[in-house]
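Student: I am attaching a structure below and will ask some questions about it afterwards.
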Amino acid sequence: MYWQPDEERMDRKDLEQLQLERLESTLNRVYLNVPFYRKKFDAIGFNPDDLRSLDDLRKLPFTVKDDLRANYPYGLFAVPLREVVRVHASSGTTGMSTVVGYTKNDIKTWSDLVARILTAAGVTADDVIQISFNYGLFTGAFGLHYGAERVGASVIPMSAGNTKRQIKIMQDFKTTALVGTPSYAMLIADTMMEMGINRNSLSLKWGLFGAEPWSDAMRKELQEKLKITATDNYGLSEIMGPGVAGECLARNGLHIAEDHFLVEVVDPRTLQPVAPGEVGELVITTLTKEAFPMIRYRTRDLTRIIEEPCSCGRTMRRMVRVMGRTDDMLIIRGVNVFPQQIESVLFEIEGTEPHYQIVIDRKGALDDALVLVEASEKIFFDEMKKQTELIETIKKRMASELGISVEVKLVEKKSLERFEGKAKRVIDNRKL
Ligand code: DLL
C-alpha cells in the first residue's frame, strides 16, 4: 500500500529532474529571503541561477545547529511571520533551543509525508492510533497526529506519561497502533506485564517507533512483548520532524522522502562525500519547505544509503537505521562504540532485562565504562556464583563482539530510570 503511489514509485531520472528544479527554487528562496544564506552565497560568489546539476550543491557551505542558535528565534525563517501557522522547537538539551516554523503548505506536505510512513508501516483508515509522544513544542506528537488524520485513522491524542491510563485506554478504545519512542513502548510493555494484563485483551497490531536510536534486538523484544509488527521512523525538527524517512513492511532500511529532501552522506572529519553505501554523517537539504528551508544541514546522525531497490516497489532510496549520533559516540580505551551496540549485545544475553545505563569516567588518560544492567529477579535469588557468571558473560561478549573492555554491575529490576520520551542511556562524567 502506498499513500502517494506516483511520487513514491517515481522513476529515478524523473526524480532527479524534480529535485534539481526544486533545489533551484529553494536556493533562490533563501537567497532572496534569508540574509544568513545570502551572505554565505555571496562570500563564495555563488548565485542560485548558476546551479546546473545536483552536484553543484556541494559548492555550498554546510549549516549546523549553532547557526540555528545564532539566529534564534526567527532569523532563518524565509517567510514573514504572518505566513507562519505553526512553530515548534527542539528541547535544547545542549543549550539554547532551536525554533522552526511551518506555513500552511508546509503543514500539508508534512501531513502527507507522515501519511506515507504510516501507510508504509501498515496503518490504514481502519486503525485506531494512540499517539504516546509528548504533545507540545516537540514535533513528534503533532507530526504523527496530522499524518494519521490524513490517512483517516482514528487518532487518540494520548501524549506521553500516565502509563497505567495509557494501557486502560488501549484496552477500552481498542487501539491497534501505538506511536512513541521505543523506550516508552518498552515501559508500557513492562507495566502491562506487572499489572498482569493479558496481551490478548488488547487489539494492538502495529508499533511505530522513532525519535531515538534503538537496536534490532530492542525491536525483537518489543514485538514479542506486545505482539506487534514494529517499524522505525526517522526525522528531525530542523528538517521537518517525523516523516523524513520510514520503514516499509520489508523492514530493511528506511525510505527517504527524496522528492522533498536531498540527502548526502559525508565523512564527518573531512566533510567529503563517502563512497556509495559507506557509513557517514547524513546531510539534508530541504526541497519544498517554505517557512524554514535548510541548506546542507549536518544532522550528526550516522547512517548509510542502500542503493538497491526494495521489494515493496518504492523507488525512494533507503537509509539503514541510524547507528548513533557523532556526538553520542563513545571512545572506550580508543575503541569507538555507540550505546545501541552495547544494547544489542546486552539484549541477547539470558538473565538480563532490557534496561541499562552506561557511565563513563576518565581515570588518568583512559576512559572507563561501567555498564549497569538490570538482571532478572531469579539471578538475585540464585547463589552468588550465578551473578558472577552473568557478569563474566557480559564482559566477554562486549570484548569479543565490540572489542571493548567494560566493567559490569548487575542491578535489581526497576532500579534504573525509565523514560516516557527519549531515553538517556549514557552518563558521561568526563563532561562534568
Ligand atoms: O525526534 C523527530 C521525530 C519524532 C522523529 C518522532 C521520529 C518520530 P528531534 O527532537 O529534533 O526530532 O530529534 C532529532 O533524534 O537527529 C536523531 O539523532 C534522533 N532520531 C530521530 N528519529 C530517530 C530514529 C525528532 N528513528 C534527532 N532512530 C535526530 C535514531 C533518531 N535516531
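Student: Using the beta-carbon distance between Asp126 and Asn252 and R0 = 25 Å, what value does 1/(1 + (r/R0)^6) give for FRET efficiency, to the nearest 0.05?
Tutor: Working: r = 26 Å, r/R0 = 1.03.
About 0.45, to the nearest 0.05.
Student: How much length is gained if the chain between Val279 and Glu389 is pulled fully straight, taking 0.36 nm per residue apart and subtracting their Cα-Cα distance, in nm to one decimal?
Tutor: Working: separation 110, 0.36 × 110 = 39.60 nm, distance 3.58 nm.
That works out to 36.0 nm of additional length.
Student: Peptides 341-354, 192-205: what's the order by average Cβ count within 10 Å, highest mean first?
Tutor: The most tightly packed comes first, giving 341-354, 192-205.
Student: From the helices alone, meaning DSSP H stretches of at least four residues, give me the mean residue ellipticity at 222 nm for the chain, per-run term -39500 (n - 2.57), in deg cm²/dmol to the nearest 500.
Tutor: My calculation for the chain gives -9500 deg cm²/dmol from helical runs alone.
Student: In what sequence, highest mean first, do 234-241, 98-105 appear when ranked by Cβ atoms within 10 angstrom?
Tutor: On the way: 234-241: 24.1, 98-105: 20.6.
The most tightly packed comes first, giving 234-241, 98-105.
Student: Once the other residues with Cβ under 15 Å from the Cβ of Glu149 are scored (Lys, Arg +1; Asp, Glu -1), what is the net sum?
Tutor: After counting each charged neighbour, the total is +1.
Student: How large is log10 of I(q)/I(0) for segment 70-139 at q = 0.18, 0.22 Å⁻¹ when the intensity is taken from the Debye formula with one equal scatterer per alpha-carbon?
Tutor: The computed values of log10 I(q)/I(0) come out as -0.87, -1.06.
Student: In segment 1-327, what percentage of the DSSP-assigned beta bridges are antiparallel, given to the nearest 5?
Tutor: Of the beta bridges lying entirely in segment 1-327, close to 65 percent run antiparallel.
Student: Where does the Debye-calculated log10 I(q)/I(0) of segment 186-235 sit at q = 0.19, 0.20 Å⁻¹, using only Cα point scatterers of equal weight, no solvent?
Tutor: -0.63, -0.69
Student: Starting from the Cα of Lys174, step 7 Å along the direction of its Cβ; do the same at Asp14; then give the gap between the two resulting points in nm.
Tutor: With each label placed 7 Å out from Cα toward Cβ, I get 3.9 nm.
Student: Still on this model: Using only alpha-carbon positions, what ratio does the radius of gyration of segment 1-158 give when scaled by 2.2 N^0.38 Å?
Tutor: 1.21
Student: Using a 7 Å offset from the Cα along the Cα-to-Cβ direction at both Phe36 and Thr326, what is the distance between the two label points in nm, to one decimal?
Tutor: The answer from the label model is 1.8 nm.
Student: Viscosity 1.306 mPa s, temperature 10 °C: Stokes-Einstein D of segment 287-385 from its Kirkwood Cα radius, in µm² per second?
Tutor: D = 90 µm²/s.
Student: Looking at the square roots a ≥ b ≥ c of the eigenvalues of the Cα gyration tensor of segment 234-288, which shape do they give, rounded for a/c under 1.5, prolate if a/b is larger than b/c, or oblate?
Tutor: Oblate, because a/c is 1.5 or more while a/b does not exceed b/c.
Student: I would also like to ask the following. If you roll a 1.4 angstrom probe over the protein chains with everything in place, what fraction of the accessible area of the chain belongs to carbon and sulfur, to the nearest %?
Tutor: Ligands and nucleic acids excluded, carbon and sulfur give 50 percent.
Student: Let me ask another. For the chain, what is the per residue volume of the convex hull drawn over the alpha-carbon atoms, in cubic angstrom?
Tutor: Enclosed volume per residue, from the Cα hull, is 149 Å³.
Student: Cα centroid distance between segment 222-293 and segment 20-75, in Å?
Tutor: 21 Å
Student: Given charges of +1 on the Cβ of Lys and Arg and -1 on the Cβ of Asp and Glu, with all other atoms neutral, how large is the dipole of segment 1-327 about its Cα centre, in debye to the nearest 20?
Tutor: The calculated dipole for segment 1-327 is roughly 740 debye.
Student: For segment 168-275, what does the relative contact order come out to in percent, with C-alpha contacts under 8 Å and a separation of six or more?
Tutor: It comes to 19 percent, rounded to a whole number.
Student: Please compute the net charge surrounding Val345, taking Lys and Arg as +1 and Asp and Glu as -1 over other residues with Cβ under 9 Å from its Cβ.
Tutor: Net of charged neighbours comes to -2.
Student: Counting Lys and Arg as +1 and Asp and Glu as -1, what is the net charge of the other residues whose Cβ lies under 12 Å from the Cβ of Phe261?
Tutor: Summing Lys and Arg as +1 and Asp and Glu as -1 gives 0.
Student: Now for a different question. Using a Förster radius of 25 Å, what is the FRET efficiency between Asp56 and Gln4 based on their Cβ-Cβ separation? Nearest 0.05, please. Don't skip to the end; give the middle numbers.
Tutor: Details: r = 28 Å, r/R0 = 1.12.
With a Förster radius of 25 Å, E is 0.35.
Student: Tell me which of Met158, His145, Thr285 sits at the most positive position along the dipole axis of segment 1-327, charges placed on C-beta atoms (Lys, Arg +1; Asp, Glu -1).
Tutor: Result: Met158.
Student: Regarding segment 330-428, what are the three Cα extents along the principal axes, ordered largest first, in Å?
Tutor: The principal-axis extents, from largest down, are 39, 33, 23 Å.
The values are calculated or read from the model by the stated rules, or taken from the named source; none is laboratory data. Just so it is clear, the model here is predicted, and its values are computed rather than measured. Because the Cβ atoms are built from the backbone with ideal geometry, glycine has one as well, and the counts that use them run over all protein chains shown. For the accessible areas, the whole protein counts, side chains as well, though only heavy atoms, and no ligand, DNA or RNA atoms are used. Shrake-Rupley method; radii C 1.70, N 1.55, O 1.52, S 1.80 Å.
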